[in-house]
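The values are calculated or read from the model by the stated rules, or taken from the named source; none is laboratory data. Since the structure is predicted, the reported quantities are computational estimates derived from the model, not experimental observations. Counting neighbours? That spans all protein chains shown, and the Cβs are built from the backbone with ideal geometry, glycine included. Just the protein is used for accessible areas: all its heavy atoms, side chains included, with ligands, DNA and RNA removed. Shrake-Rupley method; radii C 1.70, N 1.55, O 1.52, S 1.80 Å.
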Amino acid sequence: MITTPPYERLTSLDAFRGATMAAMILVNNPGRWSSVYSQLRHAQWDGWTFTDCVFPFFIFIVGVSVVFSLSRRRGLGVADSTLALLISRRALIIFALGLLLNAYPYFSLSDVRVPGVLQRIAVCYLAASLIVLGTGVRGQIAWTVGLLATYWLLMQFYPVPGLGPGVYEPGRNFAAYIDSLCLSGHMWSSYKTWDPEGIISTIPAIGTALFGALAAQWLKSDRSGDRKTAGMLLMGIALIALGRSLDPVLPINKNLWTSSYSIFMAGMALICFSGFYWVIDVKGYRRWATPFVIFGVNAITGYLLAGAVDILIRWPIPTFETGSVMRIRTFVYELIFAATGNGKAASLLFAAAFVMVIFIPLWGMWKKRWFLRI
């Protein structure tokens, strides 16, 4: 549905969402995967890089948005039962879009990947929304702690057949075991026996969304903008410290979305968001953030466009050499970007150009005040 945006938006939230989405598109589309700066790759297993911040930041933003959206609709007199139906419908649509993106362009349902980025966003949105709808701040804190503790207990103490409890190795842990039971043949092709957006690792991801919801509750208070900023900054530092302190016991790991990773990344998101909030909404410096806002108000559209374009430019085309074919992506990269002579820089320039290509239709939509609402 194309419509005008809600009458009241937090500009810093749109900008932070847009910056996160632009970063997601950037790290997902290098010119050549063999030539990528280390911070633009995921950590091989334990630990984190800049790239490992992107997805949890977006899930955190989902949680912030949930509180403001539900508050606005409740203020318009929409009943909670109606809100629950609308939430479920939206989550189902987002999940279905993720499945379609995974299936495109061949639509082979026999081996289509069921998990994915949009699917995880859908589940986290659904769970966080229903929790926020049915509880207050104390209940949301209890749910956050409960989800993170439940995940740790399952990973640490469930005796996986043939492995035992407390194993966190790639493909050899409780999360991978559940994926193999429930998602066999429908997981990410790079791993096949487990999925980085699998079932069990979604539990602490919901916790990440709830951290965002709690941040939104703080922002909705009557405190001054400076005090809200300081509170988010201090809480962010505290969560980073807590996540790091848990790392020796439960490693910070994006693929498993461990509880320590959820806590650590919530702290990182709070610190970054507090900066956006203070500069844009407290101090009023908004003009610089317009490109990010353009990405942020149509974030899902941007993600879908990026996914579709990425698939399209993998198609082979004939080259100048007789009988030779080359992917469109490779042809463009070799023709324009590889000439820099620096493989990693060329790869990054290609990724930046890819972001700009996705930005152009989003800018056109923004100019016409078109916003795709699901």
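When only Cα pairs under 8 Å and 6 or more residues apart are kept, what is the percent relative contact order across the chain?
This gives 29 percent for the chain.
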Legend entry - residue 371 long-range amide H proximity, modeled H, under 5 Å: 3
Inset, instruction - Sort the stretch 55-213 into rounded, prolate or oblate with this rule: let a ≥ b ≥ c be the square roots of the eigenvalues of the Cα gyration tensor; rounded if a/c is under 1.5, and if a/c is not under 1.5, prolate when a/b is larger than b/c, oblate otherwise. - result: oblate
Inset, instruction - At 1.4 Å probe size, with no ligands or nucleic acids counted, give the accessible surface of residue 367 in Å², nearest ten. - result: 130 Å²
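Can you give me the relative contact order of the stretch 274-374 as a percent, contacts being Cα pairs under 8 Å and 6 or more apart? Can you show the working numbers first?
On the way: 55 pairs, mean separation 27.0, N = 101.
In percent, rounded to a whole number, it is 27.
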Legend entry - Solvent exposure of the chain as accessible area per residue, Å², 1.4 Å probe: 48 Å²
Legend entry - Within the chain, helix-based [θ] at 222 nm, where runs of 4 or more DSSP H residues each add -39,500 (n - 2.57), nearest 500: -20000 deg cm²/dmol
Inset, instruction - Could you tell me what percent of the accessible area of the stretch 251-369 is made up of carbon and sulfur, with a 1.4 Å probe and every protein chain present? - result: 68 percent
Inset, instruction - Please work out how much accessible surface residue 42 shows to a 1.4 Å probe, ignoring ligands, DNA and RNA, in Å² rounded to 10. - result: 90 Å²
Inset, instruction - For 222, 281, 46, write out the residues from largest to smallest accessible area, computed with a 1.4 angstrom probe and no ligands counted. - result: 222, 46, 281
Inset, instruction - Between 364, 185, 267, find the one with the highest GNM mean-square fluctuation for the chain; connect C-alpha pairs within less than 10 Å. - result: 364
Inset, instruction - Report the residue, chosen from 184, 262, 224, that carries the largest GNM mean-square fluctuation when the chain is represented by alpha-carbon nodes joined by springs under 10 Å. - result: 224
Legend entry - Dipole of the chain [Lys/Arg +1, Asp/Glu -1 at C-beta], most positive-end residue of 294, 155, 34: 294
Legend entry - Relative contact order %, the stretch 152-225, counting alpha carbon pairs below 8 Å whose residues are six or more apart: 18 percent
Legend entry - Mean-position separation - Cα centroids, the stretch 168-187 and the stretch 44-90, in angstrom: 26 Å
